[in-house]
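Reviewing the structure listed below.
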Amino acid sequence: MPDILITRAHILSLDPAVGDLPQADILVQNGRIARIAPRIDAPAAQRIDAAGNLVMPGLINAHVHTWETALRGIGGNWAGLDYFNYFHGRLAPLYTPEDTYLGTLAGALAQIDAGVTTIFDWCHNNSTPAHTDAAIDALRASGIRAVFGHGTVKPRPRPGERHFSEIPHPVAEIRRLRHGPLSDDQALLTLAMAILGPDYSTLEVCRHDFRAAMDFALLSSAHAWGRPGRLVPGGYRSLAAEGLLAGRHNVVHGNYFEDDELRVLLDHGASVTATPGVEMQFHVRRPLSGRVRALGGAASIGVDSEVGNKGDMFDLMRTTLLVERMYANQDAYATLQNRPAAGAAIGTGGSPIEKTAVRTRDVLEWATVGNAAALGMSDRIGTLAPGKQADLIMLERRGLHILSAQDPVQAVVSYAQPNDVSMVMIGGNIVKHHGALCRADQLEQLRPAVLASAERLLRDSQVPIV
């Protein structure tokens, strides 16, 4: 792997020891960041001139279902149980391994194109080992860094069959992956268990699944909401009491959690990932990103499903920022109304909000530092610092929509778009350069295949687009 020297970049390192540098060089050797300094002499290195551009850590998407990518734009108006009834009930059973491969590859490449260098690919349509292997093959083919979350299907049971909530995670399949293709915890592609958890499985299944994750030394992750009717009364409180949170665990959503349950998770070292774009379509309680921060935890965010929401992290950062500010402003206004003489203050015109509760840098850190911590990868990614993996992106500021953005952090969070990402590097490998993905031949074959897959799945499932 050749040495690469990035010169004259405006660096947003997000590392407190390195700081933000208006103009500096980055030397990449053997896939890692070797040096960051105002000027570096490395005459043998391949040079990339970043003058006028921002260089920052690659964005991290802490929760995404890439296998669903071929069916974007069918669920933007769904509500209630439409996602489960339509996608898991009618579409997922029709997926072939080839459909899984195509959706995963298209989704992973789209993430790279939008400046994402790492994803937690929560793959929960693994009806056969062939489906699992197809997803893994697609992730490898894309070149992205990924945690592959092996999940399970959620079909309607046939007469005489057990409900999926009563079926433990398939240990034999985890063993095959753990001792086979995903055995290396330092590789570009690593393994996790995407389990059912206390909202979607019985206590006995939770006991099995959490212990299996600990036995295999794997991160486990579960969707959870905290609404009435959970299959494990008490939710994570009950699991903690049984010692099941001793391993590494990630919770996704949790909008209805009470603070005491959220505190139990954080006290046990669990991470919590919010997906505000999807959550605000289907739910009424605020995302947990701000609540986690208020309790002293590291917030984490992901795009979740693209069937009804745009899947790039720039869009998600803006959505998260606005949603968190909306809820924080409502809280601040309610407090203000209860103060003496509040009416006079409110009636003077203008905004009653005196302080911005969530700032742009907060959200940028959630999409990088926080997400690296959620995946247990802070030692490798999330910031730019010597010794870290060379997972970084370069953003141009030439487009009229971003040209005059004065503050670089606000430029990234409030104005940047995927087409501003001119270069993406993952582990020292350049996978997007001069604004284009480096595997053009792959895209030419992929586009018609993805469209054909979507057409067949929609036709055979008869799922309406509403």
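Only one entry in 199, 184, 209 is under 25 Å from the mean Cα position of the chain (by Cα), charged (D, E, K, R) and surrounded by fewer than 13 Cβ atoms within 10 Å (Cβ to Cβ), namely 184. Selection of first residues in the range 237-248 that are touching a residue at least 12 places away in the same chain (Cβ under 8 Å) and of second residues that are of a type in the set (Val, Ile, Thr) and open to solvent by less than 40 Å² (accessible area, probe 1.4 Å), restricted to Cβ pairs under 6 Å at least 6 apart or on distinct chains, gives the following pairs, ordered by first then second residue: 237/264; 238/232; 240/264.
Out of 441, 460, one residue alone is open to solvent by 40 Å² or more (accessible area, probe 1.4 Å), of a type in the set (Asp, Glu) and modelled with pLDDT of 95 or more. It is 460. From the list 175, 140, 145, the lone residue that is among the charged types (D, E, K, R) and over 30 Å from residue 113 (Cβ atoms) is 175.
Tell me, yes or no, whether the range 142-150 has at least one residue that is small (Gly, Ala, Ser), in a helix (DSSP H, G or I) and either within 25 Å of residue 275 (Cβ to Cβ) or open to solvent by 60 Å² or more (accessible area, probe 1.4 Å) (or both). For the range 142-150, residues small (Gly, Ala, Ser), in a helix (DSSP H, G or I) and either within 25 Å of residue 275 (Cβ to Cβ) or open to solvent by 60 Å² or more (accessible area, probe 1.4 Å) (or both): present.
Being among the β-branched types (Val, Ile, Thr), within 20 Å of residue 317 (Cα to Cα) and touching a helix residue (DSSP H, G or I) at 6+ places or on another chain (Cβ under 8 Å) holds for only one residue in 424, 463, and it is 424. A single member of 465, 402, 430, 426 is open to solvent by 70 Å² or more (accessible area, probe 1.4 Å) and of a type in the set (A, V, I, L, M), and it is 465.
Within the set of pairs 6 or more residues apart or between chains, which connect a residue that is more than 16 Å from residue 281 (Cα to Cα) inside the range 77-98 to a residue that is open to solvent by 40 Å² or more (accessible area, probe 1.4 Å) and in a helix (DSSP H, G or I) with Cβ atoms less than 6 Å apart? That search, which allows pairs on different chains as well, returns 94/460; 97/130. Looking only at residues in the range 158-171 that are part of a helix (DSSP H, G or I) and within 27 Å of the chain's Cα centre (by Cα), the one that is surrounded by the fewest Cβ atoms within 10 Å (Cβ to Cβ) is 165. Do we find that residue 392 is open to solvent by less than 60 Å² (accessible area, probe 1.4 Å), under 28 Å from residue 26 (Cβ atoms) and of a type outside the set (Ser, Thr, Tyr) in this structure? So residue 392 passes the test.
Quick grid of which residues meet (1) at pLDDT 95 or above; (2) in a helix (DSSP H, G or I); (3) closer than 27 Å to residue 371 by Cα; (4) not polar (S, T, N, Q):
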{"position": "85", "(1), (2), (3), (4)": "no, yes, no, no"}
{"position": "103", "(1), (2), (3), (4)": "yes, yes, yes, yes"}
{"position": "109", "(1), (2), (3), (4)": "yes, yes, yes, yes"}
{"position": "121", "(1), (2), (3), (4)": "yes, no, yes, yes"}
{"position": "126", "(1), (2), (3), (4)": "no, no, yes, no"}
{"position": "134", "(1), (2), (3), (4)": "yes, yes, yes, yes"}
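Return yes or no: is residue 90 open to solvent by 10 Å² or more (accessible area, probe 1.4 Å), of a type in the set (Lys, Arg) and more than 21 Å from residue 424 (Cβ to Cβ)? Yes, satisfied.
The values are calculated or read from the model by the stated rules, or taken from the named source; none is laboratory data. Note that the structure is predicted; figures quoted are calculated from it, not measured. Neighbour counts run over all protein chains shown; Cβ positions are idealised from the backbone, glycine included. We work out accessible area using only protein heavy atoms, side chains counted, and drop any ligands, DNA or RNA first. Shrake-Rupley method; radii C 1.70, N 1.55, O 1.52, S 1.80 Å.
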